[in-house]
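Take this structure, written in structure tokens, and hold onto it; I'll ask about it next.
The values are calculated or read from the model by the stated rules, or taken from the named source; none is laboratory data. Just so it is clear, the structure is predicted and the values come from calculations on it, not from any experiment. For neighbour counting, all protein chains shown are included, and Cβ atoms are generated from backbone atoms with ideal geometry for every residue, glycine included.
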Amino acid sequence: MKRNKIHEIYVGEIKTHGTENAEDPFDDKYITAGYKAPINGSVFLSTLGLTGDEQADKRFHGGKEKALFMYPKENYLELSCELGKEIPVGGNGENISIIGINERDVCVGDVYQLGESVIEVSQPRRPCWKPARRHRALDFSKTIQDLGITGWYFRVIQEGKITKDDTLKLLKRPCKEWTIKKVNDVMYVYTDNLGLAESLIDCEYIPESFKKTLRARLRGEEESQISRLYGPNINA
């Protein structure tokens, strides 16, 4: 198996799913661009993402800091085992399914060449409730978070075309002490370790939204994650 190789590239349009006021919350109406489809050939990657890709809720998805969402193909085996049901590759709404690299291998601030583009790891993904509704698995997002298999986002430094045959080539690693897995552990696992929280706040490559959560923790305030992880599925 070739490391750091693109397995698939996905894009999706905003669509409405479900039925309004359905009895089962999993069947209720919602809007998402998470049902993404694989593409053939090349696609242009701009500072705002892939041509043809959309985001339904731009408060939490898309934009320059979350231009590209990458998720390891191998994560699906662990996720499916934990949930007790098969989750297909591409089912987490990723733009890039990658082979042979995961959250333990990637650090915030990493700069990579991908095809004609140059991209920088901006942050881990914070999973939300919509894929859980898609797969009718209430604890889908909580499971991803607990396992630390969140995937990660990139900002785009240099625009250009990418193809399925491209590999991810590391150009620079300025923050080798903070892998995506370690950041996730501080955010969601070692929540009582205030020293780790302080250290992560000091990392210049960590986004302000993460630092806000950590500063609240240092004040003795822990943010509720119920809305993000379960949302309107909570009664399912």
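Considering only the stretch 46-56, I want to know if a residue exists there that is in contact with a helix residue (DSSP H, G or I) (Cβ under 6 Å, 6 or more places away or on another chain) and crowded, with 22+ Cβ neighbours inside 10 Å.
no
Against the conditions (1) assigned to a loop (DSSP other than H, G, I, E, B); (2) more than 23 Å from Tyr35 (Cα to Cα); (3) within 14 Å of the chain's Cα centre (by Cα), where does Gly90 fall short? Just the number, please.
(2)
Further question on the same structure: Please find, within the stretch 19-29, the residue that is farthest from Ser42 (Cα to Cα) out of those that are of a type outside the set (Phe, Trp, Tyr) and touching a residue at least 40 places away in the same chain (Cβ under 8 Å).
Out of the qualifying residues, it is Asp24.
Now, a different point. Which ones in the stretch 202-225 are over 17 Å from Arg126 (Cα atoms) and either in a loop (DSSP other than H, G, I, E, B) or touching a Phe, Trp or Tyr at 6+ places or on another chain (Cβ under 9 Å) (or both)?
Correct list: Asp202, Cys203, Glu204, Arg219, Gly220, Glu221.
If a residue has to be of a type in the set (Val, Ile, Thr), farther than 30 Å from Thr16 by Cβ and more than 16 Å from the chain's Cα centre (by Cα) to count, how many in the stretch 134-179 make the cut?
3
For every residue, the table says whether it meets (1) of a type in the set (Gly, Ala, Ser); (2) in contact with a strand residue (DSSP E or B) (Cβ under 8 Å, 6 or more places away or on another chain); (3) surrounded by fewer than 17 Cβ atoms within 10 Å (Cβ to Cβ).
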{"residue": "Val156", "(1), (2), (3)": "no, yes, no"}
{"residue": "Glu159", "(1), (2), (3)": "no, yes, yes"}
{"residue": "Asp165", "(1), (2), (3)": "no, yes, yes"}
{"residue": "Leu171", "(1), (2), (3)": "no, yes, yes"}
{"residue": "Asn184", "(1), (2), (3)": "no, yes, no"}
{"residue": "Tyr190", "(1), (2), (3)": "no, no, yes"}
{"residue": "Gly195", "(1), (2), (3)": "yes, no, yes"}
{"residue": "Leu200", "(1), (2), (3)": "no, no, no"}
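Conditions (1) in contact with an Asp or Glu (Cβ under 6 Å, 6 or more places away or on another chain); (2) closer than 27 Å to Glu54 by Cβ; (3) surrounded by fewer than 17 Cβ atoms within 10 Å (Cβ to Cβ), marked per residue:
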residue: Arg104; (1), (2), (3): no, no, yes
residue: Gly109; (1), (2), (3): no, no, no
residue: Glu120; (1), (2), (3): no, yes, no
residue: Asp146; (1), (2), (3): no, no, yes
residue: Trp152; (1), (2), (3): no, yes, no
residue: Met187; (1), (2), (3): no, no, no
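Okay, residues lined up against (1) touching a residue at least 60 places away in the same chain (Cβ under 8 Å); (2) over 16 Å from Pro131 (Cα atoms):
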{"residue": "Ile6", "(1), (2)": "yes, yes"}
{"residue": "Tyr10", "(1), (2)": "yes, no"}
{"residue": "Glu13", "(1), (2)": "no, no"}
{"residue": "Thr16", "(1), (2)": "no, no"}
{"residue": "Ile31", "(1), (2)": "no, no"}
{"residue": "Thr51", "(1), (2)": "no, yes"}
{"residue": "Leu79", "(1), (2)": "yes, no"}
{"residue": "Val89", "(1), (2)": "yes, no"}
{"residue": "Asn95", "(1), (2)": "yes, no"}
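Do we have any residue at all in the stretch 206-218 that's touching a Lys or Arg at 6+ places or on another chain (Cβ under 7 Å) and at pLDDT 95 or above?
no
Now a separate question. With Ser117, Ser141 as the choices, which residue is among the small types (Gly, Ala, Ser), under 15 Å from Arg228 (Cβ atoms), touching a Leu at 6+ places or on another chain (Cβ under 9 Å) and touching a residue at least 24 places away in the same chain (Cβ under 8 Å)?
Unique residue meeting the criteria: Ser141.
Just to confirm my filter: which helices (runs of 4 or more DSSP H) fall fully inside the stretch 112-200 and include at least 2 residues that are more than 25 Å from Ile14 (Cα to Cα) and of a type outside the set (Lys, Arg)?
Of the helices (runs of 4 or more DSSP H) lying wholly inside the stretch 112-200, those with at least 2 residues that are more than 25 Å from Ile14 (Cα to Cα) and of a type outside the set (Lys, Arg) span 140-147, 180-184.
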